[in-house]
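Remarks on the structure that follows.
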Amino acid sequence: MAETENTVETTAAVLILLGPPGAGKGTQARMLEERFGLVQLSTGDLLRAAVAQGTPAGLAAKAVMEAGGLVSDEIVLAILKDRMAEPDVAKGVILDGFPRTAGQAEALDTLLADAGQKVTAAVSLEVDDEAMIARVAGRYTCASCGEGYHDAFKQPAVAGVCDKCGGTEFKRRADDTAETARARLQAYHAQTAPLIAHYRALGVLEEIDAMGSIDEIAAGLGSIVERVA
């Protein structure tokens, strides 16, 4: 650790996962947590926890949400700052769902610099759009236990019977359609393009083929963390 004039630099990793819905960010984040002791921080979970705990930022967020408004970047950053000061994140964090815009990325850079930190790596999970649409549109789950299946990649061993619990009722999310997946991907690419440019300019952008197996993607992410953290 090296001390600067105003802060103490820390080696705690700050990993950002960028990827469209269905790219496997949640699965990969959980695997990184287990392997490296990092803590996944989802903005949605952070907001709910801050509200439940009644922190100043949480109370501000609650007031906005109860009024039907959108929680400002300033409130989200305040909640994130509080959370990153807690001892259980000493090894580092994985940011999920934040930042979403270039402005949020710049604000995050400032927050981290004030704490003697910086983004260790921003990893873009690269997908083939049409293959991703097929992946999302084919998903369904057991209505009883929630076990996941797919029309093309994972069907029950016995047709119509859940492998895990023996249930015979299955369901699909209403928004797991090709049309919805295509619209999500278009929105994601438009939203994320500035972030890709931002982190490339900072020299911390990493790209991984996210169309491989879960283990292949995990191996690629793991090698990045080992190299930069």
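Exceedance of the 23 Å cut-off in Cα-Cα distance is limited, within the set 62/118; 91/118; 25/91; 25/62, to 62/118; 25/62.
In whole angstrom, how far apart do the alpha carbon centroids of the range 54-87 and the range 141-212 sit? If you average the Cα positions of each part, the centres end up 29 Å apart. Applying 0.36 nm per residue to the separation of residue 180 and residue 201 and subtracting their alpha-carbon distance, the gain on full extension is 4.4 nm. Span-like helix check, the chain: qualifying full DSSP H segments, with Cα axial length of 30 Å or more and mean Kyte-Doolittle of -0.5 or more, are 178-202. Modelled label positions at residue 144 and residue 67, each set 7 Å beyond Cα in the direction of Cβ, lie 4.9 nm from each other.
Hydrodynamic estimate: the Kirkwood radius of the chain over Cα pairs, inserted into Stokes-Einstein at 10 °C and 1.306 mPa s, corresponds to D of 82 µm²/s. The helix-only estimate of mean residue ellipticity at 222 nm for the chain, built from DSSP H runs of length n ≥ 4 each weighted as -39500 (n - 2.57), is -15000 deg cm²/dmol after division by the residue total. Once the Cβ-Cβ distance between residue 110 and residue 45 is put in as r, and R0 is 22 Å, what FRET efficiency do you end up with, to the nearest 0.05? In this case the efficiency is close to 0.45. Applying a DSSP loop filter and a limit of 11 other Cβ atoms within 10 Å to the trypsin sites (Lys or Arg not before Pro) in the range 131-229 leaves 173. Put a plus charge on the Cβ of each Lys and Arg, a minus charge on the Cβ of each Asp and Glu, and nothing anywhere else: the dipole of the range 182-229 about its Cα centre is then about 320 debye.
Rolling a 1.4 Å probe over the protein chains gives residue 151 an accessible area of about 70 Å².
The values are calculated or read from the model by the stated rules, or taken from the named source; none is laboratory data. Fair warning: this is a prediction, and the values are worked out from it, not measured in the lab. When we count neighbours, we look across all protein chains shown, and the Cβ atoms used for this are built from the backbone with ideal geometry, even at glycine. Ligands, DNA and RNA are stripped out before the accessible areas are found, and what is left, the full protein with its side chains, is counted by its heavy atoms. Shrake-Rupley method; radii C 1.70, N 1.55, O 1.52, S 1.80 Å.
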